[in-house]
Amino acid sequence: MDTVIELSNVTKTFKDFKINNVSFQIKKGFVTGFVGANGAGKSTVIKLIMNLLQPDSGEIRIFGLDYKTHEKEIKEHIAFVYDDHVFYENLTLNNMKKIIAPLYTNWDEELFKHYVIKFQLPLTKKLKTFSKGMLMKSSLAIALSHHAKLIIMDEPTAGLDPIFRREFLAILHELVEDEEKTIFFSTHITSDLEHIADYIVFLHDGKIQFVDELLTIDENFTLVKGSLDLLDRDIEKEFISLHKTELGFEGLAKDKKHIMSLFGNLAMYESASLEDIMFYTKKRSDTFATID
Amino acid sequence: MLQLIKKDFLIHKNIIIIMFATISIYMFTGISLLFIGILFASTMAMHIFSSDEKNTARILLSSLPLTRKEIVSSKYISAFLYVLLISIILVINSLIIQKGFPSFTNISLIIICSLLIISCIYPFSYKFSSKYLMFAGIILCALYFLTMSVFIHDINDQIRIMVGLFMKFMEVRFLLSAAIIVLIFYVISWFLSIKIYEKKAL
């Protein structure tokens with residue numbers, strides 16, 4: 001299986017934040033969701049992947065190539081959509097396209113026109129008059145019109161209305177049908193990923209918590225509810241974190257089979273969503289921070 | 001890279017028209033051609049720089065199939081072309097308003113001085129930010145006034161005499177030497193800016 005993105009022991013230190021020894025691989029032909037709470041470092045990792053930031057240590061390879069020697073070649077095959085509106089706001093979409101299109105050898109004018117019509121984008125209005133949703137659609141129209149092999153998006157669904165969000169997810173689904181394109185996108189709207197992602201990379205506080213198939217995550221993680229008398233110090237260690245009230249406890253465990261063998265029918269089990277995993281992971285790190 | 005240079009003219013096409021009209025007004029008032037040329041060339045050089053200085057614009061350009069070397073180089077080439085464009089506008093305006101060609105020395109000095117100014121402000125702006133240029137200017141002004149009040153009381157008169165002498169003995173050979181030196185300085189500044197920008201976190 002081809003690897004499209006490969007990060008090996010990447011570290012980047014800022015004054016008050018650190019991307020700490022991050023390693024993961026993104027496989028060709030799949031949709032990989034990049035999740036984590038706000039401030040977890042998702043945008044920083046995306047910037048590192050796009051070579052907007054250089055790591056202090058570690059290695060980043062895209063399509064098996066290094067940015068130092070193949071920057072243009074790599075970026076020729078990457079489509080990008082950022083959370084922030086990055087286009088020149090005083091230009092029209094048509095003028096913006098005129099600047100960008102000649103930079104890509106595989107630019108497909110017909111495909112661009114197709115997306116402009118599909119997204120109902122005005123070509124001759126200045127971009128500063130566009131709504132956030134329209135700007136995102138414009139970014140998407142440009143990103144999808146040069147037959148990129150890798151599509152990288154930073155929070156693309158933020159600011160989109162629910163109808164277009166669904167359409168957007170359907171477009172992403174279509175794109176990976178031929179298994180030639182790879183999509184890597186960050187979001188904190190985790191329900192989007194539950195519709196289309198094959199793999200999940202979970203980042204918390206600058207560190208990778210896990211990289212796994214969405215199906216495996218669904219099979220392994222579980223929410224457990226029960227009465228307080230089921231818990232003791234050793235059993236509590238089986239949970240990522242716990243929420244206790246006078247009525248009982250609710251906690252997240254990452255080994256469903258093991259936890260079920262411990263509690264049997266005495267506890268209740270529910271599927272854990274990505275949001276639950278993010279919530280309990282954050283709670284765990286907050287607890288450790290308090291103890292420290 | 002050619003695409004980036006085209007962009008610097010496409011984005012500012014309205015400014016170019018306004019600039020043409022404003023230069024005409026300045027020339028009607030009889031203000032020194034040298035002053036108008038340097039003022040407009042420096043302003044335009046900073047204007048095209050600041051349009052790409054926003055972090056969003058930098059992220060856009062650096063995400064496209066372009067190297068940072070090309071991004072910086074296009075800016076230096078665009079600034080050079082703007083200096084030439086302003087010189088041409090000045091010549092056209094002179095022909096229309098003053099019914100004659102401006103002096104060769106004046107146009108040459110406009111180009112030389114403008115390139116020298118750009119050579120200084122571009123690396124500074126890449127390293128820090130163009131918004132700090134004003135502070136740098138204020139600090140330089142303070143040093144100038146300090147020099148005038150403490151060390152050389154008649155510094156203004158001395159500069160005026162020196163410039164007068166300089167203009168009097170200006171020869172083609174001298175201008176050519178100055179142009180070559182400034183061009184070398186421009187190229188050094190260009191490479192310095194590339195090095196600064198390549199290390200910059202966006």
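What follows is calculated from the coordinates using simple rules that are stated; it is not laboratory data. These figures come from a predicted structure and were not determined experimentally. With ideal geometry, Cβ positions are generated from the backbone for all residues, glycine too; neighbour counts draw on all protein chains shown.
Below is a table of values for the structure above.
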| quantity | calculated |
| --- | --- |
| Approximate spin-label separation A:Thr129-B:Ala21, in nm, with each point projected 7 Å along Cα-to-Cβ | 2.1 |
| Between helix A:162-175 and chain A: long-axis angle, C-alpha atoms, 0 to 90°, nearest 10 | 80 |
| Ellipsoid semi-axes in whole angstrom, largest first, where each is sqrt(5λ) of the Cα gyration tensor of region A:221-289 | 17, 14, 11 |
| R0 of 41 Å, Cβ-Cβ distance A:Lys257-A:Gln54: FRET efficiency to nearest 0.05 | 0.45 |
| Length added when fully stretched, B:Leu146-B:His47, from 0.36 nm per residue minus Cα-Cα | 32.6 nm |
| Taking the convex hull of Cα positions in region B:17-96, its mean projected area over all directions (nm²) | 5.8 |
| log10 of Debye I(q)/I(0), alpha-carbon scatterers only, for chain A at 0.15, 0.16 Å⁻¹ | -1.17, -1.28 |
| Paramagnetic reach from B:Phe104 (point 7 Å along Cα→Cβ, amide N under 14 Å) across region B:161-181 | B:170-177 |
| Helix axis angle, A:274-291 relative to chain A longest principal axis, alpha carbon, degrees | 60 |
| Backbone N within region B:95-119 under 20 Å of label point (7 Å from B:Ile180 Cα along the Cβ vector) | B:105, B:108-116 |
| Quotient of C-alpha Rg and 2.2 N^0.38 Å, computed over region A:240-280 | 1.17 |
| With Cα atoms, 0 to 90° folded angle of helix A:109-118 axis to chain A main axis | 60 |
| Radius of gyration and maximum dimension Dmax of region B:57-133, Cα, Å | 16.4, 49 |
| Positive dipole terminus of the protein assembly as shown, leading residue within A:Phe249, B:Ala79, B:Leu4 (C-beta point charges) | B:Ala79 |
| Dimensionless Rg over Rh [region A:1-72; C-alpha; Kirkwood] | 0.96 |
| For B:63-72, mean number of other protein chain Cβ atoms within 10 Å | 5 |
| Where a label projected 7 Å from the Cα of A:Asn106 along Cα→Cβ would reach, residues of region B:49-78 with amide N under 15 Å | B:65 |
| Selection from A:Leu53, B:Val91, A:Leu203, by position along the positive dipole direction of the protein assembly as shown (Cβ) | B:Val91 |
| Hydrodynamic radius by Kirkwood, which averages 1/r over all alpha carbon pairs of region A:165-263, in angstrom | 16.0 |
| Net charge dipole size for region A:196-256 [Lys, Arg +1 and Asp, Glu -1 on Cβ; Debye, nearest 20] | 160 |
| DSSP-defined antiparallel bridges as percent of all bridges, the protein assembly as shown, nearest 5 | 65 |
| Shape of chain B, Cα gyration tensor, a/c cut at 1.5 | oblate |
| Rg(Cα) / (2.2 N^0.38 Å) computed for the protein assembly as shown, rounded to two decimals | 1.28 |
| nm² value of the averaged projected area, convex hull over the Cα atoms of region A:1-152 | 10.1 |
| Point-charge dipole on Cβ atoms (K/R +1, D/E -1) for region B:2-199, about Cα centre, debye to 20 | 480 |
| Under the span-like rule (Cα at least 24 Å along the axis, Kyte-Doolittle mean at least 0.0), DSSP H helices of chain B | B:33-51, B:68-97, B:104-127, B:172-198 |
| Distance between modelled label sites at A:Ser191 and B:Val172, nm, 7 Å Cα→Cβ extension | 7.9 |
| By average C-beta atoms within 10 angstrom, highest first, the peptides A:36-49, A:14-27 | A:36-49, A:14-27 |
| FRET efficiency estimate (nearest 0.05) - Cβ-Cβ, B:Val187 to A:Ala37, R0 60 angstrom | 0.80 |
| FRET efficiency, 1/(1 + (r/R0)^6) with R0 35 Å, evaluated for A:Glu179 and A:Ser227 via beta carbons | 0.15 |
